[in-house]
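To keep things clear, I will list the structure first and then write my remarks on it.
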2 protein chains.
Amino acid sequence: MVAILVALGLSGAPTLSQQPVAADAAVHSTIGSAGFKAAAEALDRDFERHVAETIRLTEIPSPPFGEAERGKVYLELLRQHGLTDVEMDAVGNVMGLRRGTLSTGSGPSGTRPLIAIAAHLDTVFPVGTNVKVRREGTKLHAPGIGDDSRSLAVLLAIIRAMDAAKIQTKADILFVGDVGEEGLGDLRGMKQLFNTGKYKGRITAFISADGTDPGNRIVTGAVGSKRYRVTFKGPGGYSYSDFGIVSPAFALANAMKKFGALNVPASPKTTFSVGVVGGGTSVNSIPFESWMDVDMRSESRAELDKIDALFKTLVAAAVVEENAARSTAKGNITVDVKLTGDRPSGQTDASQSIVQIAAASVRAFGLTPAFTFSSNDSNIPISLGIPAITLDAGGASDRNHALDEWIDVEKTSSLRGMQMMLATLLTLAGMQ
Amino acid sequence: MVAILVALGLSGAPTLSQQPVAADAAVHSTIGSAGFKAAAEALDRDFERHVAETIRLTEIPSPPFGEAERGKVYLELLRQHGLTDVEMDAVGNVMGLRRGTLSTGSGPSGTRPLIAIAAHLDTVFPVGTNVKVRREGTKLHAPGIGDDSRSLAVLLAIIRAMDAAKIQTKADILFVGDVGEEGLGDLRGMKQLFNTGKYKGRITAFISADGTDPGNRIVTGAVGSKRYRVTFKGPGGYSYSDFGIVSPAFALANAMKKFGALNVPASPKTTFSVGVVGGGTSVNSIPFESWMDVDMRSESRAELDKIDALFKTLVAAAVVEENAARSTAKGNITVDVKLTGDRPSGQTDASQSIVQIAAASVRAFGLTPAFTFSSNDSNIPISLGIPAITLDAGGASDRNHALDEWIDVEKTSSLRGMQMMLATLLTLAGMQ
């Protein structure tokens, strides 16, 4: 455990060390401990309760910006699981602390390690979506069940297993059910947690428990994104009698055409898309406004900034060109570019303890680590230089974000994923 | 009156003669008659009832494809006004006959002149629009009041005036409140009346009473239109992980851009517009479909056919180009082009009796006739070669198709318009 304690910066430095650690040895030490074995047995014994809790949480609707109902239930569960400092914060995140042995020391709290592990409360599904779970053998079908309802239940199962095994960690662990991970939620839960709330500046490492699947996927890269609602506006009028005046629809088309023709690098992966278009009142009216929802992403902050700048230039050019192409006698085309999403890019370096330990945990359970990029809760800590990764919790799933989403709670694969996550968490936090 | 009888083809020919008539003399003869004078006095006496009826009809909501409530009330009013053969037809037009003296003859009905005069029941305003009339002096504010609720009341006032003056006409007159004049209604009321219903082949001249204004506007040209809902479809997917696949949004943009760059003649006036765009599920998804509502119009059938062909070519090219520009590994872009509106172009020749008489009526009341093109109920008879015009009924109005639509029922101007319309109708039908 010494190597890990050094990695955690417990010899003075408040954050994780940058130097590689003997991660495999440390993870094997964790897994070989009596405490871990007892915890693994508890996870096994407790498995049906975990499945039942997954179903219960999935069946509480939690649409974007409507996570409160599920949040209140999860808050009560965190309390029942014996955490301290259980609370719902200003934006609706719910969380509680499992105190480590170091927290009884006398140093200022800011110098103590604090590991946060979070699953997100929100789904992509709107109010009114049927979230009733349909079970077929070990397959559970319901919108949001894999992304990310099961992970909420995984966190609870981990707390119970640690308690059953009487495991004490050195570092404090903050268990979080957070809001606003999906789409226009724009990571507002994480922004609150890391930029504003009472744990601001105190979290030394972060694990996002997000998604299911074999458990060997370690997300270390934060795909940054910029999202805009771009609305072209004009005087509008009758399609026939006002023919010849500028049209927001044609300005929109021009901007979209230029946007679609942009060249972006394959690596670092950089993408762009027009997701939704709208505007206009009737087939025989020149619209007053026409709009599009735009999404740009990149693994690289520099590339994201580059395409963002190109995008703004081409939108401005589309306005100028439409005002030149048709009559402005009744008014000009203008544009409103509203930022609707802003997720920073970044990467937790492969040399970081958190990455090394997660990879060692995957290897310890016979799988090969796969390092990937994604856009999720870890984006925020990564952008702040806080070591952060996103992990699956085993099992299998498909059709995330679709109404026919499902997970497989086949026991062996599911338990393996949960044990890998526990091994990473305990090695990182240090077992007493 | 002799010239008019010839014009009406009462000497054998079933339709109006092509030869110019001494229209001014005929209209002066009408206006100078004791019957017309009595009718004009009745219109004056009856004016407040006309205003009240305008308000009553306006306040019965009559959205596109929802004209039944207003239609039933109008049907009952036509019955109360003593018309015969009062009925609602298969699509919801309501109508009744005021029989002329020639209809008692023994010839086959197809050889008798039959003048149809129609106002449309429908408005552009959707279900739920507040249609309560707000009065400020002589100005009446309400959606649909000028287009075309007042004209419905004008037809009733004309029937009452003719009855009060004991006027008998030679030709039968069919009074019609019709459906589907606006937008996607696509003139289905007129198509039923002229192509399918029991008066098919029997109407020898047609007047559309549509809109208010000084009354000197005589619409003789039918602006033809073609309307389409064009939907580009593709595999869809995630904006990030599926980046590089074909996108319906970019295919749409390309088609719109090409469409906006088309050159059309200023004369015969030809126009094009994209009215509404839509499609897509979320900002971070590549859409499964993106669509536009397109409107093309021309005074000339040949020009309309030309732009229609160009449009279909550019839509097809946009599909091909998108499938070449991005990956089709997950599926191709396809397109569905659905015809949503098809109104024929055409023109009632200025030498036709109906045009000559209407112009003479305008001159007789001290105004200068203005001949224009429009797209309205007259399009259908014009396309069938049946002499047809569209007339205003005096007064003033503005903001048609907008929520702040209003009319001015200032008595002098309003009565003048109604008298001009009556003079045209009586001269055309022939007074006994």
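The values are calculated or read from the model by the stated rules, or taken from the named source; none is laboratory data. This one's a predicted model, so the numbers in the text were calculated from it and none came from an experiment. Here the Cβ positions follow ideal geometry from the backbone for every residue, glycine too, while neighbour counts run over all protein chains shown.
Inspect all residues belonging to segment A:239-247 and state whether any of them is surrounded by 22 or more Cβ atoms within 10 Å (Cβ to Cβ), facing chain B (nearest Cβ under 7 Å) and in contact with an Asp or Glu (Cβ under 6 Å, 6 or more places away or on another chain). Looking for residues that are surrounded by 22 or more Cβ atoms within 10 Å (Cβ to Cβ), facing chain B (nearest Cβ under 7 Å) and in contact with an Asp or Glu (Cβ under 6 Å, 6 or more places away or on another chain), one finds at least one in segment A:239-247, hence yes. Checking each residue of segment A:162-171 against the condition of being within 25 Å of residue B:239 (Cα to Cα) and either surrounded by 19 or more Cβ atoms within 10 Å (Cβ to Cβ) or of a type outside the set (A, V, I, L, M) (or both) gives no match.
Looking only at segment B:296-319, count every residue that is polar (S, T, N, Q) and within 12 Å of chain A (Cβ to nearest Cβ) and tell me the total. Total satisfying the criteria: 1.
Okay, residues lined up against (1) among the aliphatic types (A, V, I, L, M); (2) closer than 26 Å to residue A:283 by Cα:
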| site | (1), (2) |
| --- | --- |
| B:320 | yes, yes |
| B:328 | no, no |
| B:339 | yes, yes |
| B:345 | no, yes |
| B:360 | yes, no |
| B:363 | no, no |
| B:423 | yes, no |
| B:426 | yes, no |
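Elements of the type strands (runs of 3 or more DSSP E) sitting completely within segment A:186-281 and holding at least 3 residues that are of a type in the set (S, T, N, Q): these cover A:270-278. Number of residues in segment A:334-354 that are crowded, with 24+ Cβ neighbours inside 10 Å and out of contact with any Leu (no Cβ under 9 Å at 6 or more places or on another chain): the value is 1. Would segment B:187-202 turn up any residue that is surrounded by 23 or more Cβ atoms within 10 Å (Cβ to Cβ), within 14 Å of another protein chain (Cβ to nearest Cβ) and in contact (Cβ under 8 Å) with a residue 60 or more places away in the chain? Within segment B:187-202, one or more residues are surrounded by 23 or more Cβ atoms within 10 Å (Cβ to Cβ), within 14 Å of another protein chain (Cβ to nearest Cβ) and in contact (Cβ under 8 Å) with a residue 60 or more places away in the chain. Residue count for segment B:267-295 satisfying the condition of being out of contact with any Asp or Glu (no Cβ under 6 Å at 6 or more places or on another chain) and more than 9 Å from chain A (Cβ to nearest Cβ): 3.
Scanning for something within 16 Å of residue A:416 (Cα to Cα) and without any contact (Cβ under 8 Å) to a residue 40 or more places away in the chain, does segment A:324-331 turn up at least one residue? Checked segment A:324-331: no residue is within 16 Å of residue A:416 (Cα to Cα) and without any contact (Cβ under 8 Å) to a residue 40 or more places away in the chain. If you scan segment A:324-354, which residues turn out to be within 14 Å of another protein chain (Cβ to nearest Cβ) and among the small types (Gly, Ala, Ser)? Of everything in segment A:324-354, those that are within 14 Å of another protein chain (Cβ to nearest Cβ) and among the small types (Gly, Ala, Ser) turn out to be A:324, A:325, A:327, A:341, A:345. Examine segment A:226-238 for a residue that is touching a His at 6+ places or on another chain (Cβ under 9 Å), modelled with pLDDT under 95, farther than 30 Å from residue B:268 by Cα and within 14 Å of another protein chain (Cβ to nearest Cβ), and state whether such a residue exists. Looking for residues that are touching a His at 6+ places or on another chain (Cβ under 9 Å), modelled with pLDDT under 95, farther than 30 Å from residue B:268 by Cα and within 14 Å of another protein chain (Cβ to nearest Cβ), one finds none in segment A:226-238, hence no. Given B:309, B:324, B:316, B:329, which one is surrounded by fewer than 17 Cβ atoms within 10 Å (Cβ to Cβ) and closer than 15 Å to residue B:236 by Cα? That would be B:329, the only listed residue that is surrounded by fewer than 17 Cβ atoms within 10 Å (Cβ to Cβ) and closer than 15 Å to residue B:236 by Cα. The single residue among A:417, A:394 that is at pLDDT below 95, in contact with a helix residue (DSSP H, G or I) (Cβ under 9 Å, 6 or more places away or on another chain), closer than 17 Å to residue A:155 by Cα and buried (at least 24 other Cβ atoms within 10 Å of the Cβ) turns out to be A:394. If you go through segment B:166-185 and keep only what is more than 14 Å from every other protein chain (Cβ to nearest Cβ), small (Gly, Ala, Ser) and outside any loop (DSSP other than H, G, I, E, B), you end up with just B:177. The test for being farther than 28 Å from residue A:126 by Cα, surrounded by 24 or more Cβ atoms within 10 Å (Cβ to Cβ) and at pLDDT 95 or above holds for residue A:425.
Please verify whether residue B:169 is closer than 24 Å to residue B:92 by Cα, modelled with pLDDT of 95 or more and among the polar types (S, T, N, Q), treating the condition exactly as stated. Spelling it out, it is not the case that residue B:169 is closer than 24 Å to residue B:92 by Cα, modelled with pLDDT of 95 or more and among the polar types (S, T, N, Q). Counting the residues of segment B:51-63 that are part of a loop (DSSP other than H, G, I, E, B) and out of contact with any Leu (no Cβ under 6 Å at 6 or more places or on another chain) gives 4.
Remark: pairs (first residue in segment A:116-136, within 14 Å of chain B (Cβ to nearest Cβ); second residue modelled with pLDDT of 95 or more and part of a strand (DSSP E or B); Cβ separation under 9 Å; 6+ apart in sequence or on different chains) = A:122/A:178. Looking only at residues of segment A:253-266 that are touching a residue at least 24 places away in the same chain (Cβ under 8 Å) and either facing chain B (nearest Cβ under 7 Å) or surrounded by fewer than 24 Cβ atoms within 10 Å (Cβ to Cβ) (or both), we find that the one that is nearest to residue A:329 (Cα to Cα) is A:254. Across segment A:398-432, what is the total count of residues that are outside any strand (DSSP E or B) and acidic (Asp, Glu)? Of the residues in that region, 3 qualify. With respect to residue A:365, is the statement that it is within 14 Å of chain B (Cβ to nearest Cβ) and not small (Gly, Ala, Ser) true? Here the answer is no, as residue A:365 does not meet what is asked. The set of residues in segment A:74-98 that are crowded, with 18+ Cβ neighbours inside 10 Å and outside any strand (DSSP E or B) comprises A:74, A:75, A:77, A:78, A:81, A:83, A:89, A:91, A:92, A:93. Taken together, B:163, B:122 contain a single residue that is part of a helix (DSSP H, G or I), at negative phi and of a type in the set (Asp, Glu), which is B:163.
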